[in-house]
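Reading through the structure tokens given below for one structure.
Derivation of every value follows stated rules applied to the coordinates shown; laboratory data play no part. Everything numeric in this text was worked out from a predicted model, so none of it was measured. Cβ: placed from backbone, ideal geometry, glycine included. Neighbour counts: every protein chain shown.
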Amino acid sequence: MKSRDGVIRTLASLREQAGALPTRRVAVAAATGPETLRAAVLAKAGELADPILVGPPAEIRAGLAALDADPASFEIIGAHDVGDIAALSVELVRDGTADMLLKGAISTSTLVRAVLDSERGLRTDRLLSDVFIFDFGSGPDARIVGITDGGVIPRPTLEQKAQILRNAVQAFHALGVGQPKVALLAAVETVSDAFPSTGEAAALADRFRDVAEPGFLADGPLAVDLALSGEAAALKGFESPVAGAADVLLFPDLESANMAAKAVEYVACLDPAHCILGARAPILIPSRSETAAARLSSIAFGALLSA
């Protein structure tokens, strides 16, 4: 469960906390493939979420049977065309039947297109951005760290970065972090014409430094080592309330954030969770190569955010 200060510090604690909430419903778009269905089965068994499986009924039932799960215990909504699958899944969330949306064997672009539909989608006046979270540290120093935005906005403007930051802060507030520390990342920690991202990070830090009680601390430019390692900051003589204590790593662009997230998952071999915020409900868009365990953590993350 939560620690004494109410902060969820590990993904295991996140799954436990989500399981203690009233069971949410997740619409699974194109609910085929072993990892997608295994995550759905585990979510139902752990009472993290009650899945609504949208897609080809015969293929879904066969996939569930292959996992020794009873197809009759799942709600299945039949559809074969990918456009219909996306639209039906989004409609389930829009009308309140489901609390969140999970991508199965469907392309991200097709599903996001349905999410962004001006009449039938899940748009709000907020920017959509992805928050990727993973376990960092151990023992009493363990905490969840987030990477953003590695999934939606390729080259965000300064204003878009401000909105991406606020989405990530919302996610960490849901994790119980009262004042998340946000590292505005660049390759170096000094403003340099050679790295335009350093100037943007400094401008963003200045903007929020003048805001009274914004609900977070942001500083930059910071290199990744300074953001995560207090020892590195001390050796470099760098002082900042964010240095060595960052909860959120805001990368300069999608490309760098996505590569960092993939390194966490496939070099450090950590199962993450991630969620797109800014829509009417959490949007879970796992990579096709993600494990059922990672998808399960994402469902838990979505359940917490939807609550």
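Quick look at the numbers
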item	result
Where labels lie 7 Å past Cα in the beta-carbon direction, separation of Arg280 and Thr23 in nm	2.4 nm
Column: log10 I(q)/I(0), Debye, Cα scatterers of region 207-261, q = 0.15, 0.20, 0.27 Å⁻¹	-0.48, -0.78, -1.07
HN-Hα J in Hz across region 133-145 - Karplus 6.51, -1.76, 1.60, θ = phi - 60°, x for Gly and Pro	10, 8, 6, 9, x, 8, x, x, 8, 5, 7, 8, 10
Choice from Ala223, Ala263, Ala27 showing the highest fluctuation, given a GNM over the chain with Cα pairs closer than 10 Å	Ala263
Label-point separation in nm, Asp141 to Thr124, each point 7 Å along Cα→Cβ	3.6 nm
Electrostatic dipole magnitude of region 218-307 [Cβ: Lys, Arg +1; Asp, Glu -1; Cα centre; debye, to 20]	380 debye
Interchain or long-range residues, amide H under 5 Å from Ile147's placed H	Phe132, Ile133, Leu249
Theoretical FRET efficiency, 1/(1+(r/R0)^6), r = Cβ-Cβ of Glu16 and Thr190, R0 41 Å, to 0.05	0.45
Under 24 Å between alpha carbons - lysine pairs in the chain that sit 8 or more apart or on different chains	8
Dipole magnitude of region 130-266 about its Cα centre (Cβ charges: Lys, Arg +1; Asp, Glu -1), debye to nearest 20	160 debye
Amide hydrogen neighbours beyond the local backbone of Leu122, cut-off 5 Å, H modeled	Leu116, Asp117
For the chain, built as a Gaussian network whose Cα springs stay under 10 Å, the top-fluctuating residue of Ala66, Ala39, Ala174	Ala66
GNM result for the chain, Cα springs below 10 Å: residue of Ala186, Ala171, Ala12 fluctuating most strongly	Ala12
Dipole magnitude (debye, nearest 20) for the chain, charges at Cβ of Lys, Arg, Asp, Glu	400 debye
Options [x] 55, 45, 33; [y] 62, 42, 35; [z] 86, 51, 34 - which one matches Cα extents along the principal axes in Å as calculated here	[y]
Separation of alpha-carbon centers, region 225-242 and region 121-140, rounded to whole Å	24 Å
Phi to ³J(HN,Hα) by Karplus 6.51 cos²θ - 1.76 cosθ + 1.60 over region 263-279, Hz, x for Gly, Pro	5, 4, 6, 10, 9, 7, 6, 10, 7, x, 9, 7, 8, 8, 10, x, 8
Placed amide H near Ser192: partners under 5 Å, 5+ positions off or other chain	Thr198, Gly199
Separation between Cα centres of region 243-258 and region 1-56, rounded to whole Å	26 Å
